[in-house]
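Chemist: Once you've had a glance at the structure underneath, I'll fire off some questions.
The values are calculated or read from the model by the stated rules, or taken from the named source; none is laboratory data. Being a predicted model, the structure only gives us computed values, none of them experimental. Here the Cβ positions follow ideal geometry from the backbone for every residue, glycine too, while neighbour counts run over all protein chains shown.
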Amino acid sequence: MKKMDLKGVVGLVFGNENSSSNEDRLVPIHNFHLIFSTCYVERLLDCISNGQLADDRRNAMAELQSVVAESHAAQLAFGEMGFPVLLGVLRDRDDVEMVRGALETLVSALTPIAHAKVHANEVQPALMNTDLLSRDGNSISLLLSLLGEDDFYIRYYTLQLLTALLTNSPIRLQEVILTIPRGITRLMDMLMDREVIRNEALLLLTYLTREAEEIQKILVFEGAFEKIFSIIKEEGGSEGGVVVQDCLELLNNLLRNNASNQVLLRETIGFDSIISILKLRGTTYSFTQQKTINLLSGLETISLLLSGGLETDPTTNNNRITNKTVLVQRSVLDHLLMLGVESQWAPIAVRCAAFQCIGDLISGHQKNLEVLASKSLGDEPEVEPALNSILRIILRTSSMQEFIAADYVFKNFCEKNSDGQKMLASTLIPQPMSMTNARFEEDINMSFGSMLLHGLATSEHDGDLETSCRAASVLSYIMKDNIECKEKVLKIQLDSSIPSLGSPEPLLHRMVKYLALASTKKGKDVKSQSTTPRTSYFQPIILKLLVTWLSDCPNAVHSFLDSRPHLTYLIELVSNTDTNTVCARGLAAVVLGECAIFNKSTEPGKDAFALVDAISQKVGLTSYFMKLDEMQKSYLFSSVKGVVMRKPLTRSNANSMAEMEDVDENDSNNNNNNDDDDHPMLSSMFDSQFVEFVKRLEIEIRDNIVKIYSHPKSNVSVVPAELEQKKDENDKDYIKRVRVFVEKQCSEIQDLLNRNAILAEELAGTGGGGEPRPSGGGGGGGGGSERVQIETMRRDLEEVTRRLEMVKSEKSNVENEALTYRKMAEKMESDLKSLSDAYNSLEQANYQLEMEVKNGGGGGVVDVEKIREEAQKESEGELSDLLVCLGQEQTKVEKLSARLMELGEDVDLLLEGIGDDAGGLDDDDDDEEEEDTK
């Protein structure tokens, strides 16, 4: 009776606390609850500690558990004084029922009360109690020791208590368990216990291994892989219940971002056990929600193996490639194609996950790309290549998510796979009108290219752009970074839907027509305030195709500009802010920029200068550059991340991910009401690679437009009349007049270059908000002026360098000529020496004759005089000839010396030593004359 009275009082007090009346109206009643709870919990704890009778202690424990499970105030009071008492009970373990009650009470103290109203700024008792209990490592060690008890309920409640601790305070408990000897081993032993205990231990380990690499490695070395696959097989694989889901979640925790565990799994057990989970058993077409979740968990395991581990780990890339190779060798691609392509009765979430795994499996792996290209699906006689089947799904599926996932396969298939791109492009052959009007399902033998062109031409018949946009997305992958494929597709001509109204038109022109049609549909949706999400991505997808196609392809630019309305429409698309999104305007501006920087045309009105002039006149360079800035600041471009990890599949989100199609469709509707650029389709199509490509292209566009705008055209088509010589004008006056005209033109051109460079620099450096972009050299005007000055100085330097080379060449010629004359002077000097020797010999002979005459008598005087006169005349003639030669040589030497002095050479140094020999000869002559005189 006493117990009933206590329950009545507790029910009166604690029951009112959870009602929504008194606590909200009267604060004193709330304080009364706290005071009463504290007193009552204190009495119960005192009875548990000091009660004489075992029944009284058990009743007090049961009452305490009931109160704590229903009242926040009791949970707070218990946290202040209850833990030491109950932990003491767990240490003693004299009474099994008391230990069970203590564990159950601790679980209630750590579990939030679902039906109670708690204010945001109010203390959360469950979290507070979790923090208090997890601080003491001895308490956690005590709980782990209870797992060795024989009593089933003690082990069960202990696992529940540890799970509650992990739920509220995972990091602290992970750290504490790592410090306890054999702590994780005791938890692993629970996997071999009875089914209920095993399931609780499995759930506990899934919480324990989240983002805990050390614990993951310990579990693997404790044999976690073997035990997990044993339980999965025992439960029936993908056909099993929630236990299979928990096993796969634990397996994924062990493999996520952990390359060493992946290697250990691959080298020990292998991947066959994982692949067997994906195998559909029997001929049943039924997919329960639990089976769907199990398959999604198995596909997540495949995805984790394909990621290889953390990107910062140097072994990740090799591990990723090895995993891909082994998985394909174990025929995982067949199971993925079965789930994604052939099992059209499978849930949409499963098909999408299978496509994503196929895309990851072939990404960057040439061998796997070849395997996928050679795969065929279906039964005879209806067999077709796997790529054809995937394209068929892209073109006809009603699910946006399935299209995105299948499109991901083609994106990875064509990435850095030029041979695969050429193989697909080689099948792009237009079909007759009868084939164009056929449905995809009517011809299983339709080639890949015919099917793709059929999808591109569909809008011409029914006005539905969705199929054409999907085909355009695939076509953009085929042409990406592949000039040969771009040229191949550029030659494709499509027939008009009504042949009598026109001739075939290029595929590029047809896509521009669809772009205009998408703008028309967009405008109608805006006027009617339509919330259809599918029309909002038509323009960006077609513009993405054009950006990819025109990049580094002058022939595509020329074909685009062949039709004058194309340029007019593109300029209008950039300028129209009413119906076009920021992304559409920015991409149209990029296409305009490509028409300028990849333009090799010399035709008037189609060259790069004419394109830039049209942008300047009709859009304005400031406005044009602002469109590019706005696009880069848009959500679509600013929110792109390099590698986005998929959200892990857990118990809390499994149901929502299994039904992701409805959720995403609703999200797309909501996003469309706010911002058309924030569309899930565009977020998938505009990945980080394309965004980075556009950013690099934008920088190139800015720089080239500045150069084109600030420099005149290289060729002059009209000769000014001032350059023509007048009828009665002489050459001297004509040259003078032309020189004045050219100087005037040069001055005007220099001023024009200066103004254009300053203007272009300012426009290129102007951001979306009108503020100049920061640069290394100050403001835009100064930068333009400096650019012109630097260009002028560069030209002057080139001119000076050219003149210096000419002077060096002339100097070399003069030096060679001087050397020649020097050799001639030396030769003449030698001749002069010889002549001087001959003269001296003659003088000596003459002297001897005179001496003979003196000694021989006067009879021979007349003969001697005659001989002397004749010799004198002969000597004077030779000397006169020699003086004439010397005069000529002296004139040449004087001219050469003057030229060498102009070139800066030291003439005296060059002539030094030339006359020494001659001087020596003169000295000899003087000595002989002195001797003769004597």
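Chemist: Checking the condition in a loop (DSSP other than H, G, I, E, B) and either surrounded by 14 or more Cβ atoms within 10 Å (Cβ to Cβ) or among the hydroxyl-bearing types (Ser, Thr, Tyr) (or both), which residue from Thr322, Thr312, Thr292, Thr301 passes?
Modeler: Details: Thr322 fails: in a loop (DSSP other than H, G, I, E, B); Thr292 fails: in a loop (DSSP other than H, G, I, E, B); Thr301 fails: in a loop (DSSP other than H, G, I, E, B).
Testing whether each residue is in a loop (DSSP other than H, G, I, E, B) and either surrounded by 14 or more Cβ atoms within 10 Å (Cβ to Cβ) or among the hydroxyl-bearing types (Ser, Thr, Tyr) (or both) leaves just Thr312.
Chemist: Of all residues in the range 602-643, which are without any contact (Cβ under 8 Å) to a residue 12 or more places away in the chain and part of a helix (DSSP H, G or I)?
Modeler: Ala610, Asp613, Gln617, Ser638
Chemist: Restrict the check to the range 242-265 and report whether at least one residue is acidic (Asp, Glu), under 18 Å from Glu195 (Cβ atoms) and without any contact (Cβ under 8 Å) to a residue 60 or more places away in the chain.
Modeler: no
Chemist: Same structure, new question: Is it the case that Gly593 is touching a Lys or Arg at 6+ places or on another chain (Cβ under 9 Å), assigned by TED's automatic domain parsing to the domain that holds Tyr514, assigned to a loop (DSSP other than H, G, I, E, B) and small (Gly, Ala, Ser)? Before the answer, list the steps.
Modeler: Numbers: touching a Lys or Arg at 6+ places or on another chain (Cβ under 9 Å): yes; assigned by TED's automatic domain parsing to the domain that holds Tyr514: yes; assigned to a loop (DSSP other than H, G, I, E, B): no; small (Gly, Ala, Ser): yes.
No; evaluated as a whole, the condition is false for this residue.
Conditions (1) closer than 15 Å to Asn253 by Cα; (2) buried (at least 21 other Cβ atoms within 10 Å of the Cβ); (3) under 39 Å from the mean Cα position of the chain (by Cα), marked per residue:
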{"residue": "Leu165", "(1), (2), (3)": "no, yes, no"}
{"residue": "Pro170", "(1), (2), (3)": "yes, no, yes"}
{"residue": "Gln174", "(1), (2), (3)": "yes, no, yes"}
{"residue": "Ile177", "(1), (2), (3)": "no, yes, no"}
{"residue": "Thr206", "(1), (2), (3)": "yes, yes, yes"}
{"residue": "Glu211", "(1), (2), (3)": "yes, no, yes"}
{"residue": "Ile218", "(1), (2), (3)": "yes, no, yes"}
{"residue": "Ile228", "(1), (2), (3)": "yes, yes, yes"}
{"residue": "Glu235", "(1), (2), (3)": "no, no, no"}
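Chemist: Within the range 319-340, identify whether any single residue is farther than 19 Å from Gln356 by Cα and hydroxyl-bearing (Ser, Thr, Tyr), and answer yes or no.
Modeler: no
Chemist: Under 7 Å between Cβ atoms, which residue pairs at least 6 apart in sequence (or on different chains) link something in the range 111-127 that is more than 24 Å from Leu162 (Cβ to Cβ) with a partner that is modelled with pLDDT of 70 or more and in a loop (DSSP other than H, G, I, E, B)?
Modeler: That search, which allows pairs on different chains as well, returns Val118/Gln124.
Chemist: Considering only residues that are surrounded by fewer than 15 Cβ atoms within 10 Å (Cβ to Cβ) and acidic (Asp, Glu), look in the range 890-920 and name the one that is modelled with the lowest pLDDT.
Modeler: Asp917
Chemist: Exactly one of (1) surrounded by fewer than 21 Cβ atoms within 10 Å (Cβ to Cβ); (2) of a type outside the set (Lys, Arg); (3) assigned to a helix (DSSP H, G or I) is unmet by Leu106. Its number?
Modeler: Every listed condition holds for Leu106 apart from (1).
Chemist: If you go through the range 647-654 one residue at a time, do you hit one that is outside any loop (DSSP other than H, G, I, E, B), within 24 Å of the chain's Cα centre (by Cα) and modelled with pLDDT of 75 or more?
Modeler: No, every residue in the range 647-654 fails to be outside any loop (DSSP other than H, G, I, E, B), within 24 Å of the chain's Cα centre (by Cα) and modelled with pLDDT of 75 or more.
Chemist: Another question, if that's okay. Looking only at the range 468-514, count every residue that is in a helix (DSSP H, G or I) and at pLDDT below 90 and tell me the total. Explain how you work it out, then say what you get.
Modeler: First pass over the range 468-514, keeping only residues in a helix (DSSP H, G or I): 468-479, 483-490, 499-501, 507-514.
Next, from what is left, pick out any that are at pLDDT below 90: 499-501.
Residues in the range 468-514 being in a helix (DSSP H, G or I) and at pLDDT below 90: 3 in total.
Chemist: Continuing with this model, one more query. Would you mind finding the one in Arg93, Arg58 that is modelled with pLDDT of 90 or more and of a type in the set (Lys, Arg)?
Modeler: Values: Arg93 fails: modelled with pLDDT of 90 or more.
Exactly one of Arg93, Arg58 is modelled with pLDDT of 90 or more and of a type in the set (Lys, Arg), namely Arg58.
Chemist: Now for a separate question. Among the residues of the range 665-716, which ones are outside any helix (DSSP H, G or I), at pLDDT 80 or above and in contact with a Leu (Cβ under 9 Å, 6 or more places away or on another chain)? Give the derivation first.
Modeler: Taking the range 665-716 first, the residues outside any helix (DSSP H, G or I) are 675-679, 686-687, 711-716.
The next check asks that each one be at pLDDT 80 or above; those that pass are 686-687.
Answer for the range 665-716, where residues must be outside any helix (DSSP H, G or I), at pLDDT 80 or above and in contact with a Leu (Cβ under 9 Å, 6 or more places away or on another chain): just Phe686.
Chemist: Let me ask another. Would you point out the residue of the range 540-579, among those that are part of a helix (DSSP H, G or I) and hydroxyl-bearing (Ser, Thr, Tyr), that is modelled with the lowest pLDDT? Outline the logic, then answer.
Modeler: Step one: filter the range 540-579 for residues part of a helix (DSSP H, G or I), giving 540-550, 554-562, 564-575.
If we keep only those that are hydroxyl-bearing (Ser, Thr, Tyr) as well, we get 548, 559, 568-569, 575.
Numbers: Thr548: 95, Ser559: 93, Thr568: 90, Tyr569: 91, Ser575: 87.
The selected residue is Ser575.
Chemist: Also, quick follow-up: Given the criteria surrounded by 15 or more Cβ atoms within 10 Å (Cβ to Cβ) and under 19 Å from Arg210 (Cβ atoms), does Leu254 qualify? Can you show your working first?
Modeler: Working: surrounded by 15 or more Cβ atoms within 10 Å (Cβ to Cβ): yes; under 19 Å from Arg210 (Cβ atoms): yes.
Answer is yes for this residue.
Chemist: Among the numbered conditions (1) in contact (Cβ under 8 Å) with a residue 40 or more places away in the chain; (2) assigned to a helix (DSSP H, G or I), tell me where Arg281 comes up short.
Modeler: Against the list (1) in contact (Cβ under 8 Å) with a residue 40 or more places away in the chain; (2) assigned to a helix (DSSP H, G or I), Arg281 comes up short only on (2).
Chemist: Okay, moving on. Here is a check on your reading of the model: is Lys411 of a type in the set (D, E, K, R), under 30 Å from Glu659 (Cα atoms) and under 25 Å from the mean Cα position of the chain (by Cα)?
Modeler: On the way: of a type in the set (D, E, K, R): yes; under 30 Å from Glu659 (Cα atoms): yes; under 25 Å from the mean Cα position of the chain (by Cα): yes.
Judged against the criteria, Lys411 is a match.
Chemist: Inside the range 376-415, can you point out the residues that are without any contact (Cβ under 8 Å) to a residue 12 or more places away in the chain and assigned to a helix (DSSP H, G or I)?
Modeler: none
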